[in-house]
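Following: one structure in structure tokens, then a few remarks.
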Amino acid sequence: MTGKISDERFAKMAASYEQQQAVIAEKVKALQKELERVSCKAGTAEHFVKTVRKYTRARKLTQAMLYELIDKIEVFHAEKIDGKRVQRLRIFYHCIGEIDIPELPEVDFEIRTRKGVTISYAGAHEAI
């Protein structure tokens, strides 16, 4: 025993090492992207809050407000539930994405927007 390993053994160890390094490099890239995304969100969330504060006393939702606050709205297929037409929406806000509100007040209200169209909000006691 001279303390040396065979060429074959060295080749296997080197291949294993190279494979581990490739996996680690991919993980580092993914983590760096996630870190960039999270830090960008933190800064833009502050910007979003400042933008929302501009409109706290607004009486009417305008097109300019929508462009400034909302990134996109997903509209789902309408369903009939208890004889009423129900349609689910997901609103994604600029800078912060979708806001998940875990507990909503147990309040129901309706808004009549135009003839024959009523928008209703069902509180947390009713899942839509």
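Once the mean 1/r over all distinct Cα pairs of region 1-84 is inverted, what Kirkwood radius in angstroms do you read off?
Working: mean 1/r = 0.0517 Å⁻¹.
One decimal place: 19.3 Å for the Kirkwood radius.
For a straight C-alpha distance cut-off of 22 angstrom, the lysines reachable from Lys84 (same-chain residues fewer than eight places away being disregarded) are Lys115.
Could you sort Met65, Met13 by their accessible area in this structure, using a 1.4 Å probe and putting the largest first?
On the way: Met65 20, Met13 95 Å².
From most exposed to least exposed: Met13, Met65.
The values are calculated or read from the model by the stated rules, or taken from the named source; none is laboratory data. If you're wondering where the values come from, they're calculated on a predicted model, not measured in any experiment. Side chains included, ligands, DNA and RNA excluded: accessible areas come from the protein's heavy atoms. Shrake-Rupley method; radii C 1.70, N 1.55, O 1.52, S 1.80 Å.
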